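K.L.:
Sending over a structure as structure tokens; questions will come in a sec.
The values are calculated or read from the model by the stated rules, or taken from the named source; none is laboratory data. Here the structure is a predicted model, which is why all the values come from computation and not from measurement. A quick note on method: Cβ atoms are made from the backbone with ideal geometry, for glycine too, and the neighbour counts reach across all protein chains shown. These area figures cover heavy atoms from the full protein model, side chains too; ligands, DNA and RNA do not enter into them. Shrake-Rupley method; radii C 1.70, N 1.55, O 1.52, S 1.80 Å.
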Amino acid sequence: MAGAAATAALPARAQQDQFGSKELIAAAEKEGGLTLYTADFAETQQEVIKEFNKRFPKIKVAMVRAPGGQLITRIKTEAAADKLGADVVNHSDRGLMLDIADLFQDYAPPNAADYRPDSLVSPKLWPGVTLGWAIAYNTQLVKNAPKTWMDLTKPEYKNKQIGQVIGPSGGTTWTRIMFERQVLGEDYWKKQAELGIALYPSGAPLSDALVRGEVSIAPLLYNIIYTKIVEGAPAEAIFAPEGVPIVPYADGVTKASKNPNAAKLFMNWRLSKEGQTFMINKLGNITSLKEPPAYPKGWDPKVVKVWVPKFDEFSKLRNSWMEEWNKTYGYRQ
């Protein structure tokens with residue numbers, strides 16, 4: 001991998017500046033480990049941990065994985081009992097994390113200035129992970145592949161050829177829904193719903209359905225379909241010129257951390273160019289860095305731009321717009 005190889009060739013001092021001071025690295029290695037609480041896929045985070053250990057083999061990372069809401073409940077319960085076991089928390093819902101921001105240390109990575117300000121909801125919480133929406137399609141079934149988001153309103157794709165993740169599935173889908181209405185127009189949902197859309201509870205079963213040919217086209221988080229493409233599935237994905245809705249995570253180092261140096265070093269590595277390059281190339285992530293160190297396949301930076309929801313609108317508009325989305329697409333909870 002070009003990014004990792006280039007980093008490996010840097011002088012030792014430059015590497016230290018990228019990941020933290022010599023003193024921080026020494027203190028982290030003395031602690032020898034940390035505990036990561038994550039709402040992400042366990043397999044994905046295991047890949048990240050393995051890559052981190054190639055750079056820092058003396059630091060072992062124990063992982064606790066739980067679904068988003070359950071993880072927040074666990075953190076609150078443990079914190080109330082003064083028994084919070086996490087050194088680092090990795091979570092996809094910036095709103096839920098902002099509600100418990102007082103549990104996190106003041107922290108910023110060495111390259112803090114390189115990150116988009118609109119990806120941050122708190123100076124304590126950082127987008128170690130950023131996901132992005134793409135349009136995927138089955139290459140065996142689709143002869144005239146969509147090239148834009150507006151193409152997903154074409155009559156030629158009617159009768160359940162298009163699959164969608166239901167709006168209420170979570171913050172990632174709500175991000176896509178906000179983008180559709182604010183960027184593509186208030187009538188976009190109506191035009192698309194008239195085609196007859198197949199609805200799925202989350203991205204995993206929808207990506208499986210796309211590969212099996214139950215649907216031909218599906219907006220999906222790129223990291224979900226990326227692994228299937230790499231494995232040889234009959235699928236491809238494009239990043240549309242109207243914009244790529246991105247989902248910055250909110251990750252932080254807890255005040256209760258028993259291994260604060262190891263925790264900061266782990267965060268520093270994840271947020272570094274090396275860490276972000278790995279996650280883009282290996283996992284199909286996007287990045288919240290202002291100047292991306294790499295791009296996913298098919299991403300033309302001259303044409304494709306990211307779209308980040310305004311956080312105040314993300315919270316304020318959610319209930320009313322979600323109710324309207326459910327009605328438009330005929331979805332009943």
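K.L.:
Using Stokes-Einstein with the Kirkwood hydrodynamic radius over Cα pairs, what translational diffusion coefficient do you get for segment 68-118 at 10 °C and a viscosity of 1.306 mPa s, in µm²/s rounded to a whole number?
P.N.:
On the way: Rh = 12.4 Å.
Rounded to a whole number, D works out at 128 µm²/s.
K.L.:
A further question follows. I'd like the distance between the alpha-carbon centres of segment 54-132 and segment 248-301, rounded to an integer number of Å.
P.N.:
12 Å
K.L.:
Let me ask something else about it. Projected onto the charge dipole of the chain (+1 at Lys/Arg Cβ, -1 at Asp/Glu Cβ, origin at the Cα centre), which of Tyr249, Gly203, Ala28 gives the Cα projection farthest towards the positive end?
P.N.:
Projecting each Cα onto the dipole axis, the largest value belongs to Ala28.
K.L.:
Keeping all protein chains in place, calculate the accessible area per residue for the chain (probe 1.4 angstrom), answer in Å². Before the final figure, lay out each step's value.
P.N.:
On the way: 14610 Å² over 333 residues.
Using a 1.4 Å probe on heavy atoms only, each residue of the chain averages 44 Å².
K.L.:
Something else about it: Principal axis extents for segment 103-225, Cα atoms only, whole Å, descending order, please.
P.N.:
If we take the Cα atoms of segment 103-225, the spans are 52, 31, 25 Å.
K.L.:
Here is a follow-up. Trypsin sites (Lys or Arg not before Pro), restricted to segment 72-171: which are DSSP loop and have at most 16 other Cβ atoms within 10 Å?
P.N.:
Numbers: sites: Arg74, Lys76, Lys83, Arg94, Lys124, Lys143, Lys147, Lys158, Lys160; in loops: Lys83, Lys124, Lys143, Lys147, Lys158, Lys160.
When the trypsin sites (Lys or Arg not before Pro) of segment 72-171 are filtered for loop state and at most 16 Cβ neighbours within 10 Å, Lys83, Lys143, Lys147, Lys158, Lys160 remain.
K.L.:
Another question, if that's okay. Per residue, how big is the convex hull of segment 282-333 when only Cα atoms are used? Give it in Å³.
P.N.:
Values: hull volume 8.3 nm³, N = 52.
Given the Cα convex hull of segment 282-333, per-residue volume reads 160 Å³.
K.L.:
Next question. Could you compute how fast segment 18-60 diffuses translationally, taking Rh as the Kirkwood radius over C-alpha pairs and applying Stokes-Einstein at 4 °C with viscosity 1.567 mPa s? Give it in µm² per second. Spell out each step's value before the answer.
P.N.:
On the way: Rh = 11.4 Å.
The estimated diffusion coefficient comes to 114 µm²/s.
K.L.:
Which pairs break 19 Å Cα to Cα here: Lys160/Lys190; Lys264/Lys305; Lys190/Lys327; Lys191/Lys305; Lys290/Lys310? Could the numbers behind the result be given before it?
P.N.:
Details: Lys160/Lys190 15 Å; Lys264/Lys305 30 Å; Lys190/Lys327 10 Å; Lys191/Lys305 24 Å; Lys290/Lys310 17 Å.
Cα-Cα > 19 Å for Lys264/Lys305; Lys191/Lys305; rest within.
K.L.:
A further question on this structure: With runs of 4+ DSSP H residues as the only contributors, calculate the mean residue ellipticity of the chain at 222 nm using -39,500 (n - 2.57) per run, divided by the residue total and rounded to the nearest 500. It would help to have the intermediate numbers written out before the result.
P.N.:
Working: 14 runs with 133 residues, N = 333.
It comes out at -11500 deg cm²/dmol, rounded to the nearest 500.
K.L.:
Oh, and also: Quick check: at a probe of 1.4 Å, how many percent of the accessible area of the chain sits on carbon and sulfur atoms? Don't skip to the end; give the middle numbers.
P.N.:
On the way: 7490 of 14610 Å².
Exposed carbon and sulfur together represent 51 percent of the surface.
K.L.:
Further question on the same structure: What does the extension gain come out to for Asp118 and Thr328, with contour length at 0.36 nm per residue minus their alpha carbon separation? Write down the numbers at each step before the final one.
P.N.:
Values: separation 210, 0.36 × 210 = 75.60 nm, distance 2.99 nm.
Taking Asp118 through Thr328 to full extension adds about 72.6 nm, to one decimal.
K.L.:
For segment 96-155, just run the numbers: alpha carbon Rg, then divide by 2.2 N^0.38 Å, N being how many residues it has. Walk me through the intermediate numbers first.
P.N.:
Numbers: Rg = 19.1 Å, N = 60, 2.2 N^0.38 = 10.4 Å.
In units of the globular-protein estimate, segment 96-155 measures up at 1.83.
K.L.:
Along the charge dipole of segment 45-98, which of Thr73, Met63, His91 sits closest to the positive end, that is, farthest toward it, with unit charges on the beta carbon of Lys, Arg, Asp and Glu (+1, +1, -1, -1)?
P.N.:
The residue sitting most towards the positive pole is Met63.
K.L.:
Out of (1) 0.98; (2) 1.07; (3) 1.04, which label holds the value of Rg/Rh (Cα atoms, Kirkwood Rh) that was computed here?
P.N.:
So the calculated entry is the one marked (1).
K.L.:
I need the per residue convex hull volume for segment 188-333, using only the alpha carbons, in cubic angstrom as a whole number.
P.N.:
Working: hull volume 24.9 nm³, N = 146.
Hull volume normalised by residue count: 171 Å³.
K.L.:
Whole number please: convex hull volume per residue, Cα atoms of segment 75-175, in Å³.
P.N.:
Details: hull volume 17.0 nm³, N = 101.
Spread over its residues, the Cα hull of segment 75-175 gives 169 Å³ apiece.
K.L.:
Using the basic label-point model (7 angstrom from Cα toward the beta carbon), what is the Ala66 to Asn144 distance in nanometres?
P.N.:
For the pair Ala66/Asn144, the computed spacing is 5.0 nm.
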